[in-house]
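Below is one structure; the comments refer to it alone.
The numbers here are math on the coordinates, done by the rules we state, and not lab data. Keep in mind the model is a prediction, meaning the values are calculated, not measured. Quick reminder, even Gly has a Cβ in these numbers, built from the backbone with ideal geometry, and neighbours come from all protein chains shown.
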């Protein structure tokens, strides 16, 4: 007689255990699928990302009309900027007005304007004769509470770089009240508060990351670059007022960044970081302290990567670039040296040294072989990975598109925006004592997001294919827009 099948019996404990394991497996699989899909999603920045206008949040198409919403109701005329723009008009009134001659003493077109608009003349004279004197009087009495606001406004206006053509002892310091830069430093209450202030102002000026460190003289160049106010034939004596280093910086635009080496551009972020540095230096000088910007690409007096490490922004990787937790290798910094009293950040260790030992993706993808596969070695008294700069530089001109390469920073597994999947992976590998997670995640990147063969990055005459790590963003594909 055939034995009747009966399902296995589970105890409550074994059922819950089995169900729990099944849930973990299903959740893990779901997380993996979700992570992979998120990696390919245009808005995620965790894998095959694209960020090409995705922040436009209002659907204008459904509100489009054929004619503008303003109405033409009569004969039109154009604005005369000399008389109708208040800033131009008032500056001329302030310069030309004499009580004894009145309106008749003004030159055309201001005379004609005020004769036609007597109410405007009354208001402009009120500003000149009543409001301005009271403004100057109250500014003397109460203006100190707005010192930071004034310094911030000056910094925002410092869009043109201040020339550095004199020694630091001259060029770094405030120039005087006529420039809005007091010769006597303002007394700051507390170093920690001042550091918080500087960081917040740097963010307002456009910085993505900010860090502060005491300046280690070992990082100052022995001999200077040209056009920095130093004698190029003499060693640099580190100025005494270079006490602290403030690091500011921004990432390169993500879509061209992932289409390196041909479509990305270093000046994409360099220019923004330069502007932040010059503005922050202007803010510090408006407080009465010395400030000297050191900006990309050649206006430096010091080595940048170790200062970033000192300032707690990240760790230097196998490719010699500093890897930050937030942006990975996609960070272009500038530095301001200053005597402003500041509270320094501490260096961080979030597992990069261990990760770089086994990852080696940047070295495998490096077309020139400039990135070593070997262990770190002693360089100028410090242990780090040796980069062959000449090999790297030669490749810059061995491919087409924008100058430079940037493949190593592009393929670095840390180079992702800080979304949920990147943050999760970062937390796991930073805290995994077994080091198994970093090996798994490295293998997953090579499987799911492979790059071209390194030789393919070269231009055709050198045996390559003009390859990029990822496809170029649509708005940089010349063939779609330009006929030749």
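Compared with the dominant principal axis of the Cα atoms in the chain, helix 436-448 is inclined by about 80°. Look at 212, 236, 389 and count the other Cβ atoms within 10 Å of each Cβ; fewest to most, that gives 389, 236, 212. Distance between the C-alpha centres of region 193-223 and region 75-92: 44 Å, rounded to the whole angstrom. Remark: spin-label model distance residue 90-residue 397 equals 5.6 nm, labels positioned 7 Å along the Cα→Cβ axis. For helix 191-204, report the angle its Cα long axis makes with the longest principal axis of the Cα atoms of the chain; keep it between 0 and 90° and round to the nearest 10°. The angle comes out near 90 degrees. Across region 173-309, the fraction of Cα-Cα pairs farther apart than 26 Å, rounded to a whole number, is 29%.
Summed over all non-identical Cα pairs, the Kirkwood treatment of region 158-478 gives a radius of 20.8 Å. Just to confirm the number: angle between the C-alpha axis of helix 147-157 and the first principal axis of the chain, 0 to 90 degrees, nearest 10? So the inclination is approximately 80 degrees. Based on Cα contacts under 8 Å between residues 6+ apart, region 263-365 shows a relative contact order of 30 percent. Where the convex hull is taken over the Cα atoms of region 374-467, what is its projected area averaged over directions, in nm²? Computed as one quarter of the Cα hull surface, the answer is 8.5 nm². Counting neighbouring Cβ atoms within 10 Å and putting the fewest first, the residues 396, 242, 219, 475 line up as 475, 396, 219, 242. Only DSSP H runs of four or more residues enter the estimate; each adds -39500 (n - 2.57), and after division by the residues of the chain the mean residue ellipticity at 222 nm equals -11000 deg cm²/dmol. Using the beta-carbon distance between residue 82 and residue 298 and R0 = 45 Å, what value does 1/(1 + (r/R0)^6) give for FRET efficiency, to the nearest 0.05? That gives a FRET efficiency of 0.55. Residue order for 268, 218, fewest other beta carbons within 10 angstrom first, comes to 218, 268. Counting only Cα atoms, region 281-342 measures 40, 24, 16 Å along its principal axes, largest extent leading. Length gained on full extension, residue 72 to residue 462: 134.1 nm, using 0.36 nm per residue less the C-alpha separation. Across region 81-146, the relative contact order, built from alpha-carbon pairs under 8 Å that are at least six residues apart, equals 22 percent. Cα-based values for region 81-146, radius of gyration first and Dmax second, are 13.8, 42 Å. Averaging the sequence gap over all C-alpha pairs within less than 8 Å and six or more residues apart, then dividing by the number of residues, gives the chain a relative contact order of 15 percent.
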